[in-house]
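K.L.:
Before I ask anything, here is the structure I am working with.
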Amino acid sequence: MPKPFAPKVVTANALIEGDVVYLAADDAWVRDLAQAEILTDEAVAQVRLLEASARAHEAVGVYLADVAPGTTGPQPTHFREDFRRRGPSNYYHGKQASR
Amino acid sequence: MYRYTDFDTAFLAERNRQFRAQVERRISGALTEDEFKPLRLMNGLYLQLHAYMLRVAIPYGTLSSAQMRQLALLAEKWDKGYGHFTTRQNIQYNWPKLTDVPDMLDALAEVGLHAIQTSGNTIRNVTADHFAGAAADEVADPRPVAELLRQWSTDHPEFQFLPRKFKIAVTGAPNDRAVIKAHDIGIEVVRRGDEIGYRILVGGGLGRTPMIGKEIAAFVPQADLLPYVEAVVSVWNLLGRRDNKYKARIKITVHEHGIDEIRRLVEDRFVETRAAFNGADLEIFDHIRAQFAPPAFRNAPDDVYDAAYATDPVFRAWADTNLTAHKVPGYAIAQISLKAHGETPGDASAEQMRVLADLAERFGHDELRISHEQNVVLPHVHRSDLPKMHKILKAHGLATANIGRISDIIACPGMDYCALATARSIPIAQKIATRFDELKTEADIGELKIKISGCINACGHHHVGHIGILGLDRGGVETYQITLGGDATQDAALGDRTGPGFSYEDIVPAIERIVGAYLEQRESPEETFLQAYRRLGMAPFKAALYDTADAQSEAA
Ligand code: SF4
């Protein structure tokens, strides 16, 4: 049996700031993972990825990241994505500081 | 110190102008990311986990006060108020905006600094012994030849698209403080009779397949140096495995073909390269060397030093760990630790950078160095000035007395910043330093070098740490592998893996058990960790790591 499709979000880094961004359902790039669109269908995810990748003047390095749906929106399932949505652990810099 | 010629200044201004236009074209959409990426990498600009990162070269680790002040300005104006000094004597800014980078590069050019060839498949910043020009054991200052190599390699038309990056390090002393055996080319200044020449090693490197460099030439005379090095890079440029990036470094080429075959090919190619050099490089070298003349050392009594040493235990502890003998009587080499317990190894705030610049101006003949061990060095301080200097260092959190100790840890940025990382390194370094500070055992443990990398690329030199720690991603969990017995000196050795790795929570207790086993088993306090490991072998450390009750409960 094929493995069930793990839910995804589209993510990248913003062209100017380099900050981590996520694709929301209304096509906006958002800075907070909680507002990202959760993609549960593989075909839809691929289309969203292609559309987002075409916006090269806004974002760099677009890819699909695994998430798990949670009560406060999508949650990272890998520690790398957890760090990306938060910021570094040695200083209170990055996203954690702008909340 | 080397001062830019009009040619250098004009070259840099033109490069910066080009890059400014490239950034504008990227933002306007005229360049795609695929087109822009190689251009930004040529200028030291990476895109990392949370932001862009600008890597600025500090050629052979040498800075003037004015340059250090400018680095502070960049940190404050375009970053978050600090910079990170790396194991390749560079400084990295972790938070610049793409639109600010052209201004940052212009500001650097004002003081003769740049970010060219700090990335990409080119010859990178040439590194050197951080005690250059000051060390008592030196044959000659390695920096003039490092500068010569920098000028030769910068924008060298044949070497802009090498199979992979290429790193050169130079030492002027037989005691290697520049880790030359872990570089693609390692150069040691040597003397034969009255003649100064160069011993050349090739094929060293860490990373996925660590190798110790092998001697390709025992003595290359000054006149042959550039053509010889050019022949080495040129042979590899053709032979290097462009088909597989994991096999592209020269260490693999040397390994696959054997050092004798590589030497033969280099000697053939050398006949051609040598004919192409017309001696202009020798004139340039003389011009460069004249600019590295030693400063005007002074002759003064140093009884203030002796008095402070006798009466102030804090100063004494700092002097014992952070000072090294200078070649000139009355002087000392002072290392300023950027490893305050619990802080990020290699980070300095803008304010600290300014303090260091002021101290260098006031007490240090206007010179600073950045060591590959991520500390700052004031290479020429008169002993009578040390007590005053120490007071100022203390007031700015810069007087940590731990050089060479267990808390003087090399740590790469790891997954707190680096896009390639498989695990974090910085918090591991912070936790180890804090733990051993609490235990108050640092002085008793003595010399022990821990080096931590956040992935197999080994920027944190873990293979050559007495204790090496490598952070990996094992099934979605940060896991840390330990190696023991590595050595970064002239007796370079790669550490041996202890066995299975440890989790983020368990790595510090594991290090404690290794150190405990050393303290228990050493013959005397004089026997260092590395000596004890060489005598005892892996068994007692393995037992301490995996067979104790603590280890069992961790496994459970
Ligand atoms: S060792 Fe890996 S994680 Fe550390 S800086 Fe180098 S590439 Fe990044």
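K.L.:
Quick check for you: with a 1.4 Å probe and neighbouring chains kept, what is the accessible area per residue of region B:118-160, in Å²?
P.N.:
21 Å²
K.L.:
Another question, then. For region B:410-555, what is the percent of antiparallel DSSP beta bridges, rounded to the nearest 5?
P.N.:
Beta bridges within region B:410-555, antiparallel portion: roughly 65 percent.
K.L.:
Counting other C-beta atoms within 10 Å, and keeping those with at most 14, which DSSP coil trypsin sites (Lys or Arg not before Pro) do you find in region B:256-344?
P.N.:
Values: sites: B:R263, B:R264, B:R269, B:R274, B:R289, B:R298, B:R316, B:K327, B:K339; in loops: B:R298, B:K327, B:K339.
In loop regions of region B:256-344 (DSSP not H, G, I, E or B), the sparsely surrounded trypsin sites (Lys or Arg not before Pro) are B:R298.
K.L.:
Would you work out which of A:A12, B:G120, B:P294 lies farthest towards the positive end of the dipole of the protein assembly as shown, given +1 charges on the beta-carbon of Lys and Arg and -1 on that of Asp and Glu, about the Cα centre?
P.N.:
Working it through, the farthest residue towards the positive pole turns out to be A:A12.
K.L.:
Counting partner chain Cβ atoms within 10 Å of every residue's Cβ in A:87-97, what's the average?
P.N.:
Rounded to a whole number, the mean comes out at 6.
K.L.:
For region B:381-447 and region A:32-65, write down the distance between their C-alpha centroids in whole Å.
P.N.:
Each part reduced to its Cα centre gives a spacing of 42 Å.
K.L.:
Moving on to the next point. Please compute P(r) over all alpha-carbon pairs of the protein assembly as shown, binned at 20 Å starting from zero, and give each bin as a whole-number percent.
P.N.:
Percent of pairs per bin, in order: 18, 51, 28, 2, 0.
K.L.:
Follow-up. Tell me the mean residue ellipticity at 222 nm calculated for chain B from its helices only (DSSP H runs of n ≥ 4, each -39500 (n - 2.57), averaged over every residue, nearest 500).
P.N.:
Estimated from H runs of four or more residues: -12000 deg cm²/dmol.
K.L.:
Sticking with this structure for a sec: Restricting to bridges with both residues inside chain B, how much of the DSSP beta-bridge set is antiparallel, in percent to the nearest 5?
P.N.:
80 percent
K.L.:
Over the whole of B:46-53, what's the average partner chain Cβ count within 10 Å per residue? Rounded to a whole number, please.
P.N.:
Mean partner shielding for this stretch: 6.
K.L.:
Within chain B, which is the longest segment containing none of the GluC sites (Glu not before Pro) that sit in a DSSP loop and have at most 14 other Cβ atoms within 10 Å?
P.N.:
Of all site-free stretches, the longest is B:111-504.
K.L.:
So, one more: Please tell me the relative contact order of chain A in percent, rounded to the nearest whole number, where contacts are Cα pairs under 8 Å and at least six residues apart. Mind showing how you got there, number by number?
P.N.:
Values: 159 pairs, mean separation 28.7, N = 99.
Reported as a whole number, the value is 29 percent.
K.L.:
If you average the sequence gap of Cα pairs under 8 Å that are 6 or more apart and divide by the length of region B:303-395, what percent do you get for the contact order?
P.N.:
31 percent
K.L.:
Let me ask another. Under a point-charge model restricted to the Cβ atoms of Lys and Arg (+1) and Asp and Glu (-1), what is the dipole moment magnitude of chain A relative to its Cα centre, in debye to the nearest 20?
P.N.:
Charge dipole of chain A: 360 debye, to the nearest 20.
K.L.:
Rounded to the nearest Å, what's the spacing between the alpha carbon centres of region B:497-529 and region B:69-133? Just the number, please.
P.N.:
36 Å
K.L.:
Can I ask one more? For every other residue with a beta carbon closer than 14 angstrom to the beta carbon of B:I403, add +1 if it is Lys or Arg and -1 if Asp or Glu, then tell me the sum.
P.N.:
Result for the local shell: 0.
K.L.:
Can you flag which of B:K214/B:K451; B:K245/B:K431; B:K165/B:K214; B:K394/B:K449; A:K3/B:K247 are past 29 Å Cα-Cα?
P.N.:
B:K245/B:K431; A:K3/B:K247
K.L.:
Have a look at region A:56-83 and report residues whose accessible surface goes down by 10 Å² or more when the remaining protein chains are included, against the chain on its own, probe 1.4 Å, ligands and DNA/RNA excluded.
P.N.:
Going by heavy-atom accessible area, the residues of region A:56-83 that drop by at least 10 Å² are A:A56, A:H57, A:V60, A:H78, A:F79, A:R80, A:F83.
K.L.:
What's the average, rounded to a whole number, of partner chain beta-carbon atoms within 10 Å of each residue's beta-carbon in B:75-81?
P.N.:
Mean shielding by partner chains, rounded to a whole number: 1.
K.L.:
Which Cα, out of B:A539, B:A317, A:P88, lies furthest along the positive dipole direction of the protein assembly as shown (beta carbon charges, K/R +1, D/E -1)?
P.N.:
The one lying farthest along the dipole's positive direction is A:P88.
K.L.:
For chain B, what does the relative contact order come out to in percent, with C-alpha contacts under 8 Å and a separation of six or more?
P.N.:
Reported as a whole number, the value is 12 percent.
K.L.:
Compare each residue of region A:8-22 in its chain alone against the assembly with all protein chains, and report those whose accessible area goes down by 30 Å² or more; 1.4 Å probe, heavy atoms.
P.N.:
A:N13, A:L15, A:I16, A:E17, A:G18
K.L.:
With a 1.4 Å probe, how much accessible area is buried between chains A and B, both sides summed, in Å² to the nearest hundred?
P.N.:
2300 Å²
K.L.:
Using only Cα atoms, find the angle between the long axis of helix A:42-53 and the longest principal axis of chain A, and express it within 0 to 90 degrees, rounded to the nearest 10.
P.N.:
40 degrees
K.L.:
Taking the Cβ of B:P221 as the centre, find all other residues whose Cβ is under 10 Å away and add up their charges (Lys, Arg: +1; Asp, Glu: -1).
P.N.:
-1
The values are calculated or read from the model by the stated rules, or taken from the named source; none is laboratory data. From a predicted model like this one, the values you see are computed outputs, not experimental measurements. Cβ coordinates were reconstructed from backbone atoms using ideal geometry, including for glycine residues, and neighbour counts include every protein chain displayed. The area values use the complete protein model at the heavy-atom level, side chains included, leaving out ligands, DNA and RNA. Shrake-Rupley method; radii C 1.70, N 1.55, O 1.52, S 1.80 Å.
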